[in-house]
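Have a look at the structure below before the remarks.
Read-outs throughout are calculated quantities, based only on the coordinates presented, and are distinct from any laboratory measurement. Worth saying up front: this structure is predicted, and the values here are computed from it rather than measured. So basically every Cβ, Gly included, is an ideal-geometry build from the backbone, and we count neighbours across all protein chains shown.
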Amino acid sequence: MPDCLASLEARRAGILRAIGGLGDLRAGSITSTGGRCGNPGCHCHRPGDPGHGPYYRLTRKVKGKTVTETFATEVERRKAQGEVDEYHRFQQLARQLVAVSEQICRLRPVQPSWSPEEKDGGRGPVTSLDHQCMRAGASERRSK
């Protein structure tokens, strides 16, 4: 049985409240990198050494270009991770909002609220001259 309109509207209101309660957010993904440097005498070249890093980066698209931001501290990375997590929560809520709104649109009855312009096809109010022209056109068509 489909949800009733009132319960769907209540769900939509709840989703909108949740969106309003979101904190700072930003798009992108955080990845870690590491590896070996170019100095052959460095510890990172010893067998079994994990190398340098990890270094964390936020990567995102801005106007079609990939932008990368590197974090100097673990505190910066944790802050950015929280913002990315909040963005993912926003995306999830937005998908839910669209799904509920689509259901509402299908269930909401059509309200006949025609304006005078819509009723006559946008021609505006009919005048007595219009009636005369219509009658004249009808008699011309009959005579042909």
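If one computes the Cα centroid of the range 20-54 and of the range 83-99, what distance in Å separates the two points? Taking the Cα centre of each part, the range 20-54 and the range 83-99 sit 28 Å apart.
Between LYS79 and CYS105, what FRET efficiency follows from the Cβ-Cβ distance if R0 is 30 Å, with the result rounded to 0.05? E(calc), rounded to 0.05, equals 0.15. Taking 0.36 nm per residue of separation and subtracting the Cα-Cα distance, full extension of the segment from ASP49 to ARG17 would add 6.5 nm.
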